[in-house]
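Comments concern the structure below.
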Amino acid sequence: MGGFNGNPYLVNNDRLYRVDPNNGSYTQVGGVVWQNTYAINAMGSYLYISENGGLYEVNPINGSYARLTGMFWTGTYDLFIGQNSRIHIQPIE
């Protein structure tokens, strides 16, 4: 689960949802199907989702996304944002 602007975000049943922390209601964000999502986190104005060996930068408002190139993220178990504003991953052991 990741968070942006005070709202938690999660992927469930292959879809991205924004959760209202006050009442628990949820809204699907975008129409993209996120199969095999391993990790989600937020930094700045974006969510970052590790899914099917790729890392995606996702707009939390409308669900648009771009795959970040240069690395393969296969086997990612968790990702977090460090104090240095860099994305760190933990591979499945």
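The residue that is nearest to Asn13 (Cα to Cα), among those in the range 39-93 that are modelled with pLDDT of 70 or more and among the acidic types (Asp, Glu), is Glu51.
Looking for something touching a Lys or Arg at 6+ places or on another chain (Cβ under 9 Å), modelled with pLDDT of 70 or more, surrounded by 16 or more Cβ atoms within 10 Å (Cβ to Cβ) and polar (S, T, N, Q) - is there at least one such residue anywhere in the range 1-23? There is at least one residue in the range 1-23 that is touching a Lys or Arg at 6+ places or on another chain (Cβ under 9 Å), modelled with pLDDT of 70 or more, surrounded by 16 or more Cβ atoms within 10 Å (Cβ to Cβ) and polar (S, T, N, Q). Residue count for the range 40-62 satisfying the condition of being acidic (Asp, Glu) and touching a Ser or Thr at 6+ places or on another chain (Cβ under 6 Å): 1. Scanning the range 1-44 for residues that are closer than 14 Å to Asn62 by Cα, in a loop (DSSP other than H, G, I, E, B) and without any contact (Cβ under 8 Å) to a residue 24 or more places away in the chain turns up just one, Val33.
Applying the criterion of being among the small types (Gly, Ala, Ser) and closer than 15 Å to Ser64 by Cα to the residues of the range 28-48, the residue that is surrounded by the most Cβ atoms within 10 Å (Cβ to Cβ) is Ala42.
The values are calculated or read from the model by the stated rules, or taken from the named source; none is laboratory data. All values derive from a computational prediction rather than experimental measurement. So basically every Cβ, Gly included, is an ideal-geometry build from the backbone, and we count neighbours across all protein chains shown.
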